[in-house]
Amino acid sequence: MAVDKSDWVAGKILAKQAAKSGEAPFMQFEDGRMHTYGEAHRLSNQVGNGFAAAGVDFGENVAVMMNNCLEYLWTWIGLGRLGAIPVAINTALRGTFLTHVLTNTGCRIGVFDPDYLDWLVDIEDDVPDLQTVYVFGEGPVPAFKRIEIRSFDEILNGAEHDIDVEISYRDIGTVMFTSGTTGPSKGVLMPHGHLYLYGECMRTHMQITPGDKYYITLPLFHAQGLLMMSYGTLIAGASGVLTKIFRASSWIDDIRKYEATLTNLLGAMNDFVLAQPPKPYEGDNKLRMISAIPVTDETLSQLKTRFNVPKFNELFGMTECNLPVARPFDAPEEAGCSGKVWDDYFEVIIGDPETDEELPVGEVGEILVRPKEPYCFMQGYNGMPEMTVQTWRNLWFHTGDAGRQDERGYIWYIDRIKDTIRRRGENISSYEVESVLLEHPAIAEAAAVAVKADQGGEDEVLACLVLEPGAGAPDPMELLDFCVPRMPYFAVPRYIDIVDEIPKTPSAKIQKNKLRELGLSPNSWDRETAGYKLTRKGRLA
């Protein structure tokens, strides 16, 4: 029986929720007032009409580089109502990383928070497509040579009437960038049907109801914050509290203050929360479920006991392939188990990484995915057809992740197969780190790999460098000063090794597996030991 996907568009869902329960609470930003579904419908129409008045067309990419705020949601929904495509930009991107995103998508118009305008000034000459930037929020605005700067108030003050553009679940609704491991970051073309299933997966597997309140701390430029948490809230007719950033120190206090029933924790966030000094009232909260990815047995036990949380959810997904594996609501809680295949919409096998043939139960292989419903999966990588075809080898999407399936049908995530470095919840492209390092005049070759700072710790970035003939070794602090304005703060290497050579295959490809096996050497320079302090804004003097 065919699935009716005609309403799988955020703007349509919001319109229906507003018509049905216009006075019901939808979303507030931190301690600001709660906005109703009716208000959200009106505001997103105003933003969409504002962009239409600015000349934004159906199918046009629009760069969005904003901190978490309600206006981000109105922008996402409003652009979607026009059939325009928000390009969600990680707010840590700068230098060549930011240049690549803007040139790959050819954005003519952007919405930027003032915090990131200086980074845009630095690359203005390298992003010729970008003509107009609407600035949201308070803050100094630097001088641009060519790009026109306008106030986002012009967009917010658009007409309130409904937007008369028919949008299909087949149309591209968002572009999100995922890290490249053998090349530049890839822009994932995400149709509206694909976007919808993220939220529907959370609604289904966490059994979200209109009585729930989601505490949303993850960034809206990632699928977790925008699609799983915010969109899941919208689909369920629930309410949410959006914060600018995740703050471990006030996490449980905020959950209690806002009377939140649901939230998500990702990666090191689990450890940050548990590292806070215990408070006697922590268990007195309304949390009924947390989606935590990933958790160990010890972490799961500590979170459940300390914060009195009845249930936890784990799942497996990627920007490209949605959430094909999730734990059923009534499934046993087993740390590290992603759940079962969501077989209403996806097929998943554990395949041989070399042949793509399905492996026997219990064997470790690559997690391979494909959709059962059209337009519920990425439609390719923007401007990268060869990479799209390569990823879809043998008609399976290759996640690059290792996993196994047990005799009960549960999928267990093991590790990344490729060379992506994952640090503090962020995927880092080793290729892009290397590209920046190779801009330094003293460096002839560079390889960035993941290493552990200590047993069981998170990934840290090690840069192995070969110097140009006759070049003296650069001071490590000077080298990091070179990197900081050219890459996201989370990608700046912690360790630096100056080496005579980097191991390669006969075809001259770097053997990063050997570098990872070697790990840190006695000569590895450590920025933390050296007292080099780094923040989102740059080096701390």
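From the set of residues in segment 1-21 that are in a loop (DSSP other than H, G, I, E, B) and farther than 18 Å from Asp171 by Cβ, which is modelled with the highest pLDDT?
Out of the qualifying residues, it is Ala2.
All but one of (1) under 16 Å from Thr233 (Cβ atoms); (2) free of Cβ contacts under 8 Å to residues at least 60 places away in the same chain; (3) not hydroxyl-bearing (Ser, Thr, Tyr) hold for Leu14; which doesn't?
If we test Leu14 against (1) under 16 Å from Thr233 (Cβ atoms); (2) free of Cβ contacts under 8 Å to residues at least 60 places away in the same chain; (3) not hydroxyl-bearing (Ser, Thr, Tyr), just (2) comes out false.
Could you check how many residues of segment 105-121 are touching a helix residue (DSSP H, G or I) at 6+ places or on another chain (Cβ under 7 Å) and farther than 21 Å from Gly50 by Cβ?
1
Please give the strands (runs of 3 or more DSSP E) falling wholly within segment 388-457 in which 1 or more residues are farther than 22 Å from Thr535 by Cβ.
Qualifying strands (runs of 3 or more DSSP E): 397-405, 410-416, 443-452.
Condition check ((1) on the phi < 0 side of the Ramachandran plot; (2) buried (at least 18 other Cβ atoms within 10 Å of the Cβ)) across all residues:
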position	(1), (2)
Ala275	yes, no
Asp297	yes, no
Ser301	yes, no
Lys304	yes, no
Asn308	no, no
Thr319	yes, yes
Glu333	yes, no
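What are the residues in segment 23-70 that are free of Cβ contacts under 8 Å to residues at least 24 places away in the same chain and part of a helix (DSSP H, G or I), if any?
Gly38, Glu39 - these are the residues of segment 23-70 that are free of Cβ contacts under 8 Å to residues at least 24 places away in the same chain and part of a helix (DSSP H, G or I).
Let's see how each residue does on (1) surrounded by fewer than 24 Cβ atoms within 10 Å (Cβ to Cβ); (2) part of a loop (DSSP other than H, G, I, E, B):
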{"position": "Pro184", "(1), (2)": "yes, yes"}
{"position": "Met202", "(1), (2)": "no, no"}
{"position": "Ile245", "(1), (2)": "yes, yes"}
{"position": "Asp253", "(1), (2)": "yes, no"}
{"position": "Arg256", "(1), (2)": "yes, no"}
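If the Cβ limit is 6 Å and pairs must be 6+ apart or interchain, which residue in segment 432-458 that is surrounded by fewer than 14 Cβ atoms within 10 Å (Cβ to Cβ) pairs with which residue that is at pLDDT 85 or above and small (Gly, Ala, Ser)?
Leu438/Ala446
The values are calculated or read from the model by the stated rules, or taken from the named source; none is laboratory data. Computed from a prediction, not measured in an experiment: that's the story for all the values here. Ideal geometry is used to build each Cβ from the backbone, glycine not excepted, and the neighbour counts take in all protein chains shown.
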